[in-house]
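First the structure, in the form of structure tokens, and then the observations on it.
The values are calculated or read from the model by the stated rules, or taken from the named source; none is laboratory data. Here the structure is a predicted model, which means the values were calculated and not measured. Cβ: placed from backbone, ideal geometry, glycine included. Neighbour counts: every protein chain shown. Protein only, heavy atoms only, side chains kept; ligands, DNA and RNA dropped before computing areas. Shrake-Rupley method; radii C 1.70, N 1.55, O 1.52, S 1.80 Å.
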Amino acid sequence: MPRTDLEKLPVGDLTQRLTEIRLDRLEALVRTSRGSIAFDEQRNPAVSGVLIVMDASAEDVTTAGQAGFALLDCETIEGIDIDVARLAVPKGQTLGHAIKSLRKLLPTADISADNLYVQSGMPAQQMAVGARASSRTVARPAIGMIDGGVGAHPAITGAIEAKGFARGAPSASPHGTAIASLLIGSGMVRGAAAGKMLLVADVYGSDPAGGNATAIARALGWFVQRAVPVVTISLVGPANPLLGKAIANAQAKGLMIVAAVGNDGPAAPPSYPASYAGVIAVTGVDRRGRALPEASRALHLDYAAPGADMLAAAPGGKTVRVRGTSFASPLVAARLAQHYTAPVPARRAAAIKALNTEARDLGAKGTDNVYGRGLICGACRTP
């Protein structure tokens, strides 16, 4: 059923259908991954065969190794200063069982799967993947995005620097190209920060297990190193200790993060990273200012922005109708970047106050859990 038809369903049927769509999508993701993706102990998709331990001691690694959890590698994620050890799941154990076993073995350690985060929007299915995105060095980027790569397009004329955090990245993707056009597009697609410089972290590339927590954490570290003030993330998934700490450490260094709440409906589990404290959570509305019925509910909601009845860029110089909270998040991020031009934590409150002034109240008077503090960038939609 097309998402636009969901508006015609009664609330009870809508909730059931969105739940079915979400579960079917996750099952298909694991089933078609050729063994590179598995379910964790809560049936969230993650990188198969790998466990993450943050700030593991040498004793932790030795104890785990003696129990069959071989050390794969250790890493300090630059920019956000997080130490990560990756351990192999013992042969014959499922990912979910291995997590439970290792937590019993190391009860004080911070152990998790390397969960995956999926794009939270719906470019039309006919969007074709274009050529590999170029990687031009940008001295002082104005805004960042974590997504797939960006394809060449006449509407995307600003300076772009792309870096890959997955196998085969950076490589152009339909979703990443659409998001970039909503940020810095001009002409056939109007971006909310037209002409600004853009730093693109491609966390997908050609990797079936792309979009994992490790890739996103590395991307956040890169943005901190490059002094990017604002980043938009139109990806959704479960809570994850590594991602949570990466978000918190990046925020402490001044990075402001805007994220989509997802499109699995109000009965779906809370979406992350939008639900993390301090992350600016964004939902989508249609051309009449109505909340998208498929929009999820994060643990908090800050703003709404156009997320349907609009065009975005597609690889190959085309445009495509898009729908989803994915396409609302970059509009809010672009407006925030106008008020927050450097990663200085002391300036965050003033930037949020300025954004609140722009917000047009929708729904119940004042802040609510459907539209947050109101509509941002209502005129930014390219109809």
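Observations, loosely collected:
- Residues of the range 273-318 that are part of a strand (DSSP E or B), open to solvent by 30 Å² or more (accessible area, probe 1.4 Å) and either charged (D, E, K, R) or free of Cβ contacts under 8 Å to residues at least 60 places away in the same chain (or both): 318 alone.
- For the range 169-189, taking the residues that are open to solvent by 10 Å² or more (accessible area, probe 1.4 Å), in contact with a strand residue (DSSP E or B) (Cβ under 9 Å, 6 or more places away or on another chain) and outside any helix (DSSP H, G or I), the one that is farthest from residue 380 (Cα to Cα) is identified as 169.
- For the range 235-262, filtering for residues that are of a type in the set (S, T, N, Q) and more than 21 Å from residue 344 (Cβ to Cβ) leaves 1.
- Test: residue in the range 116-129 that is farther than 30 Å from residue 323 by Cβ, at pLDDT 95 or above and crowded, with 19+ Cβ neighbours inside 10 Å: no
- Index of the failed condition, residue 337 passing every other in (1) hydrophobic (A, V, I, L, M, F, W, C); (2) surrounded by fewer than 23 Cβ atoms within 10 Å (Cβ to Cβ); (3) under 19 Å from the mean Cα position of the chain (by Cα); (4) within 23 Å of residue 198 (Cα to Cα): (2)
- Top-ranked residue of the range 63-115 - restricted to ones that are part of a loop (DSSP other than H, G, I, E, B) and of a type in the set (Ser, Thr, Tyr), ranked as least open to solvent (accessible area, probe 1.4 Å): 94
- The range 213-259: number of residues that are open to solvent by 20 Å² or more (accessible area, probe 1.4 Å) and of a type in the set (S, T, N, Q): 3
- Just one residue in the set 189, 228, 203 is touching a Lys or Arg at 6+ places or on another chain (Cβ under 9 Å) and either β-branched (Val, Ile, Thr) or at pLDDT 95 or above (or both); that residue is 203.
- Residue within the range 353-369 that is charged (D, E, K, R) and assigned to a loop (DSSP other than H, G, I, E, B) present: yes
- Subset of the range 340-372 that is within 21 Å of residue 198 (Cβ to Cβ) and of a type in the set (Ser, Thr, Tyr) - its residue that is most open to solvent (accessible area, probe 1.4 Å): 341
- Single unsatisfied condition, residue 153 versus (1) farther than 11 Å from residue 312 by Cβ; (2) part of a loop (DSSP other than H, G, I, E, B): (1)
- Taking the criterion of being within 20 Å of residue 176 (Cα to Cα), assigned to a helix (DSSP H, G or I) and under 14 Å from the mean Cα position of the chain (by Cα), the residues of the range 218-268 that qualify are 218, 219, 220.
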